[in-house]
Amino acid sequence: MKPDIPIIGQRSATNSLLTTSLFRNEILRRDAAVKAWHDRMKISELRKSCGVEDKTSYTVNVRIPPRYTNAR
């Protein structure tokens with residue numbers, strides 16, 4: 001199949017990737033990721049200075065349904 005002929009005066013689909021709003025959104029997303037990384041580094045340094053072990057742990061609460069509480 002031949003590619004579609006672009007219509008004069010309309011942006012093609014390939015040019016839509018280069019819009020300023022998409023660039024702005026990408027820069028904002030990367031900026032937020034960098035800020036989050038800096039915050040994690042600050043928290044890590046604060047934990048080190050306080051003598052807290054620097055590890056990430058998760059607590060999972062598991063609720064046993066009432067029908068199984070008497071089965072033990």
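Below, the figures for the structure above:
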quantity: Qualifying positions in the stretch 43-72 - exposed (fewer than 10 other Cβ atoms within 10 Å of the Cβ), at pLDDT 80 or above and in a helix (DSSP H, G or I); calculated: S49, C50
quantity: Unique match (being modelled with pLDDT of 65 or more, out of contact with any His (no Cβ under 9 Å at 6 or more places or on another chain) and hydroxyl-bearing (S, T, Y)) among S21, S12, S16; calculated: S21
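The values are calculated or read from the model by the stated rules, or taken from the named source; none is laboratory data. Since this is a predicted model, take the numbers as computed values, not measurements. Counting neighbours? That spans all protein chains shown, and the Cβs are built from the backbone with ideal geometry, glycine included.
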